[in-house]
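*Asks:* This is the structure, below, for whatever I ask next.
The values are calculated or read from the model by the stated rules, or taken from the named source; none is laboratory data. This structure is a prediction, so every number in the text was calculated from the model and none was measured. Positions of Cβ are generated from backbone atoms using ideal geometry, with glycine treated the same way; all protein chains shown enter the neighbour counts. Remember, those area values only see protein heavy atoms, side chains included, never the ligands or the DNA or RNA. Shrake-Rupley method; radii C 1.70, N 1.55, O 1.52, S 1.80 Å.
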Amino acid sequence: MLGLTFLGTGTSNGIPVIGCRCRTCTSVDPRDRRTRCSAVLHLSDRNLLIDTAPELRLQAIAVGLSRLDAVLFTHAHADHVGGFDDLRQFNYLRQAPVPVFADPHTARELRTRFGYAFSEPLPFYGGKPDIELHEFTGPFELFGCQIVPIPVRHGNWTVYGFRCGPLAYVTDAKTIPASSLELLSGVEVLVLNALRDRPHPTHLSLAEALAIVERVRPRRTYLTHVSHEVLHTDWSERLPKQVFLAYDGLQVWV
């Protein structure tokens, strides 16, 4: 069984945004409360975390996540790695290191920012993150599924989405090269970032995201990494058939 739980669906500021009184930030709809972007990929009884958002502890508690079998990193921006230290509780629960997979640039950033995690191991689990860091440069096998990294452009950064069989998760993209669109061919469920209606220099707008959906033609699309300019009910009423606005805690299955 293959599925995905959205832990966080918001942008780098999170929603509500500090000091903002807009319609979304003051909304009473729980779907408008978006923590920073992260998800869990479910491969049968295995849980693969995609990114460690700053609210990882709260996200895990909210959905009852108590087991991690691996972590995949899309890139090293703060809103995607800020919860790295919370991995140590999963070490305690596992009584073992957690395998972590990242591209070489992201791996270097993790070693720099969280150097204490790569120093001498403590004589017990839970005092700091204990990880086994693996660098990927192409597809790799994990728990019986081929994980295909999908390179996309996010300003000057290359960010990696991930495909596992019929499901693909792509966040923080502004452009998706033709070669990466080919890697998405045939997906049934596509998760794709869509920041807002207005254009943005480093993120897909709604119109740009829908243009990619038209090219890829998945059976279902879920939009994530959404800003406070978007009220959940507004977009839900406007989106094409089989395109949905994700929200924190949503589970989807293929």
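*Asks:* Which of Ala78, Ala209, Ala53 ends up with the largest GNM mean-square fluctuation for the chain, with Cα atoms connected below 10 Å?
*Replies:* Ala78
*Asks:* Go through Tyr247, Tyr92, Tyr116 and list them by solvent-accessible area, largest first, probe radius 1.4 Å.
*Replies:* Most to least solvent-accessible, the answer reads Tyr92, Tyr116, Tyr247.
*Asks:* Just tell me the longest site-free run in the chain, where the sites are trypsin sites (Lys or Arg not before Pro) in a DSSP loop having at most 10 other beta-carbon atoms within 10 Å.
*Replies:* After excluding every exposed loop site, the longest remaining stretch is 22-240.
*Asks:* Please give the contour-minus-distance gain from Leu122 to Cys20: 0.36 nm per residue of separation, less the Cα-Cα distance, rounded to one decimal in nm.
*Replies:* Stretched out fully, the Leu122 to Cys20 stretch lengthens by 32.5 nm.
*Asks:* If you don't mind, there's one more thing I want to ask. At q = 0.10, 0.11, 0.18, 0.19 Å⁻¹, what is the log10 ratio I(q)/I(0) for region 71-201, with the Debye formula run over Cα points and no solvent?
*Replies:* Once normalised to I(0) and log-transformed, intensities are -0.37, -0.44, -1.04, -1.12.
*Asks:* Given contacts defined as C-alpha pairs under 8 Å and at least six residues apart, what's the relative contact order of region 7-162, whole-number percent?
*Replies:* Over region 7-162, the number comes to 17 percent.
*Asks:* If you don't mind, there's one more thing I want to ask. Within 14 Å, Cβ to Cβ, of Val189, how many net charges do the neighbouring residues add up to if Lys/Arg are +1 and Asp/Glu are -1?
*Replies:* Once positives and negatives cancel, what remains is +3.
*Asks:* While we're looking at this one, here's another question. D for region 214-254, whole µm²/s, Stokes-Einstein with Kirkwood Rh over alpha-carbon pairs at 37 °C and 0.692 mPa s: what number?
*Replies:* The calculation lands on 289 µm²/s.
*Asks:* Specify the inter-centroid distance of region 196-235 and region 26-82, based on alpha-carbon positions, in whole Å.
*Replies:* That distance is 20 Å.
*Asks:* Then there is this: If you plug each phi of region 193-209 into the Karplus form 6.51 cos²θ - 1.76 cosθ + 1.60 with θ = phi - 60°, what whole-Hz ³J(HN,Hα) values come out, in order, with x for Gly and Pro?
*Replies:* Rounded to whole hertz, the list is 6, 8, 5, 5, 6, 5, x, 9, x, 10, 10, 5, 7, 4, 4, 5, 5.
*Asks:* Another question, if that's okay. Which whole-Hz couplings ³J(HN,Hα) result when phi for each residue of region 40-47 is put into the Karplus expression 6.51 cos²θ - 1.76 cosθ + 1.60, θ = phi - 60°, listed in order with x for Gly and Pro?
*Replies:* The phi angles translate into 10, 8, 9, 10, 6, 9, 9, 10 Hz.
*Asks:* Report for the chain the percent antiparallel among DSSP-assigned beta bridges with both residues inside it, nearest 5.
*Replies:* Expressed as a percentage, antiparallel bridges in the chain total about 55.
*Asks:* On the accessible surface of the chain, probed at 1.4 Å, how many percent belong to carbon and sulfur atoms?
*Replies:* 52
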